[in-house]
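Please read the structure below before turning to the comments.
None of the figures in this text is laboratory data; all of them are computed from the coordinates on show. This is a predicted model, so every value here is computed, not measured. Glycine also receives a Cβ, built like all others from the backbone with ideal geometry; neighbour counts cover every protein chain displayed.
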Amino acid sequence: MAKLALNGGKPVREKPFPRWPIFDDRELEALRKVLESGLWGIGGRFKREFEEKFAAYQHAKYGVAVTNGTAALEISLRALGIGCGDEVIVPPYTFMATIMAILYVNAIPIFADIDPETYTLDPRSIESAISERTKAILPVHIGGRPADMDSIISIARRYDLHVVEDACQAWSSEWRGRRVGAIGDIGAFSFQSSKNITSGEGGMVVTDDEDLYMKAWSLHNCGRLPQGLWYEHHLPGWNCRMTEFQAAILLVQLERLDEHTRRRMDNAYYLDSKLSRIDGLKTLRKDERITRNAYHLYIFRYNPEAFDGLPKTVFAKALQAEGIPVSIGYSKPLYKEGYLKYFERCPLSCPYYGRHIDYSSLNLPAAERACYVEGLWLPQYVLLGSREDMDDIVAGIEKVKENLDELTEPGRCST
Ligand SMILES: Cc1ncc(COP(=O)(O)O)c(C=O)c1O
């Protein structure tokens, strides 16, 4: 009789992991206050309060609350004056919005590889990607794990480049005690519904630079100036303002973030200790300079050779059937995605740029291996569970490993 749930056996776990998003009476009360204020958009107090509190929480001087993380990235690039013909160095192991923001401003994404042991931008891959057109490095703190900001800032200084942080998965993450977002020139956060603090959608630009702040503020508000006339538009901005409803919810969500981050980190360390003992699994490399990790994703590395050659896609399906919500994560490096063909004429072969970028021959080995072979993710809400929940994850993995014959023998697996 089949043991694996994928083949009809009893799953390791039938109860759900903690549900996400989490809310209580405080969010309901906050929404009521906004409704009663009559100020649901411009002129209310919640957006301003959230900008100040969130920026301070991330150790940044200024914040601009916007519609989503993609807008936050685009505004960050525009505020720095990055546009036509400029190159931005970026990892291909990220959500497509990171790249779209660069293309939206008519700049060129230049892909550098990720570190095979951390999945963040590999400083060793950055320098060879720099050209006389390079204007910025855009590291992504993937899954909440800060990129190597010491090396990135030092390369940026040497070549006089800007640093834009994609912190869309990294609220509260810290690099040597400094929270991410404004370690570089400017950074972007997302509050979309899967995120560790959420209002369904939403984003934030943070920076320590007053001039960049003023530009970002104007860009998110139709090019206006804080003291200017309503119908006076100084920058090519558009309406990207966060609503009062979102800001009021996020102020409450922020109150839970410290406690939630502690819980996620505790459980992540526990999983690290358990999974690293399983032959064929590796956790991401420890780095003492990471003093806090948001763990938006718990990423671990799967070696099919230790699992009788079973591809990670089938391993993930078997584990999901056991009641463990693992995912294969990004399934291809972003330079292989179909959306790029829409940018072939402009900006990728724009006469102003004067070159033609062809990503078809690009092969960044660490990113390819992470996508195709080894990267597996657990979502953040799983890490809000109990020790017993974590033990179920380990038990699910061990069960699949012990019954690999059910998946690898021809004709036995029902997938
Ligand atoms: C790494 C990364 N960058 C950018 C974004 C874009 O954020 P949003 O979906 O809020 O536009 C996301 C959101 O999923 C993300 O994970």
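Below 14 angstrom from the Cβ of P92, what's the summed charge of the other residues (Lys, Arg +1; Asp, Glu -1)? Each step should come with its number before you reach the end.
Details: positive: K332, K336, R369; negative: D113, D115, D122, D166, E337, E368.
Counting the neighbours of P92, the net charge comes to -3.
Please list 3J(HN,Hα) in residue order for the stretch 23-30, calculated via the Karplus relation 6.51 cos²θ - 1.76 cosθ + 1.60 where θ = phi - 60°; whole Hz, with x for glycine and proline.
Whole-Hz 3J(HN,Hα) from phi for the stretch 23-30: 8, 8, 4, 5, 5, 4, 5, 4.
Could you list which residues have their amide H under 5 Å from that of T94, counting only those 5 or more apart in sequence or on another chain, with H placed in the peptide plane?
Excluding prolines and chain starts, which carry no amide H, the hits are L334.
Just want to confirm a number: the relative contact order over the chain, from Cα pairs under 8 angstrom separated by 6+ residues, in percent.
Details: 856 pairs, mean separation 90.6, N = 415.
Contact order relative to length: 22 percent.
If contacts are Cα pairs under 8 angstrom and at least 6 residues apart, what is the relative contact order of the stretch 241-380 in percent?
Working: 127 pairs, mean separation 39.9, N = 140.
Dividing the mean separation by the residue count of the stretch 241-380 yields 29 percent.
More than 33 angstrom separation, counting every C-alpha pair in the stretch 25-254; what % is that? Don't jump to the answer; show the numbers that get you there.
Values: 3832 of 26335 pairs.
Taking all Cα-Cα pairs of the stretch 25-254, the fraction more than 33 Å apart is 15 percent.
Search the structure for amide H atoms under 5 Å from the amide H of G329, placed 1.01 Å from N in the peptide plane, and list their residues when 5 or more places away or on another chain.
Residues meeting the criterion, in which the H sits 1.01 Å from N, are W377.
Could you state the orientation-averaged shadow area of the convex hull built on the Cα atoms of the chain, in nm² to one decimal? Before the final figure, lay out each step's value.
Details: hull surface 86.0 nm².
Over every viewing direction, the Cα hull of the chain projects on average to 21.5 nm².
³J(HN,Hα) across the stretch 240-247 via Karplus (A = 6.51, B = -1.76, C = 1.60, θ = phi - 60°), whole Hz, x for Gly/Pro?
10, 7, 5, 7, 5, 4, 4, 5
Rounded to the nearest 20 Debye, what is the dipole magnitude of the stretch 25-254 about its Cα centre when Lys and Arg each give +1 and Asp and Glu each give -1 at the C-beta?
500 debye
Normalising by the residue count of the stretch 234-303, find the relative contact order in percent from Cα pairs under 8 Å and 6+ residues apart.
Working: 32 pairs, mean separation 20.6, N = 70.
In percent, rounded to a whole number, it is 29.
Roughly how tilted is helix 69-79, in degrees to the nearest 10 and between 0 and 90, from the longest Cα axis of the chain?
Approximately 40 degrees, to the nearest 10.
Helix-derived [θ] at 222 nm for the chain: sum -39500 (n - 2.57) over DSSP H runs of at least 4, divide by residue count, nearest 500? Can you show the working numbers first?
Details: 12 runs with 137 residues, N = 415.
Mean residue ellipticity, 222 nm, calculated: -10000 deg cm²/dmol.
Using Cα atoms only, what is the angle between the long axis of helix 312-321 and the major principal axis of the chain, expressed in degrees (0 to 90) to the nearest 10?
The angle comes out near 80 degrees.
Is there a quick way to get the dipole size of the chain? I mean about its Cα centre, with the Cβ of Lys and Arg at +1 and of Asp and Glu at -1; what is the value in debye to the nearest 20?
320 debye
Collect residues whose amide H, placed 1.01 Å from N in the peptide plane, falls under 5 Å from the amide H of I114; neighbours closer than 5 in sequence don't count.
D122, A366, A367
Hey, if you put +1 on the Cβ of every Lys and Arg and -1 on every Asp and Glu Cβ in the stretch 25-254, which of A248, A97, I82 ends up farthest toward the positive end of that dipole?
Working it through, the farthest residue towards the positive pole turns out to be A248.
Arrange the peptides 300-308, 86-94 so that the one whose residues have, on average, the most other Cβ atoms within 10 Å appears first. Could you put the intermediate results ahead of the total?
On the way: 300-308: 17.1, 86-94: 26.2.
Ranking, from highest mean packing down: 86-94, 300-308.
Rounded, prolate or oblate, given the Cα gyration tensor of the stretch 236-346, with a/c below 1.5 counting as rounded? Can you show the working numbers first?
Numbers: a/c = 2.21, a/b = 1.23, b/c = 1.79.
In terms of gyration-tensor shape, oblate.
Rounded to whole Hz and in sequence order, give me ³J(HN,Hα) for the stretch 259-273 from the Karplus expression 6.51 cos²θ - 1.76 cosθ + 1.60, θ = phi - 60°, writing x for Gly and Pro.
The phi angles translate into 5, 5, 5, 4, 5, 4, 5, 4, 5, 5, 5, 4, 4, 3, 5 Hz.
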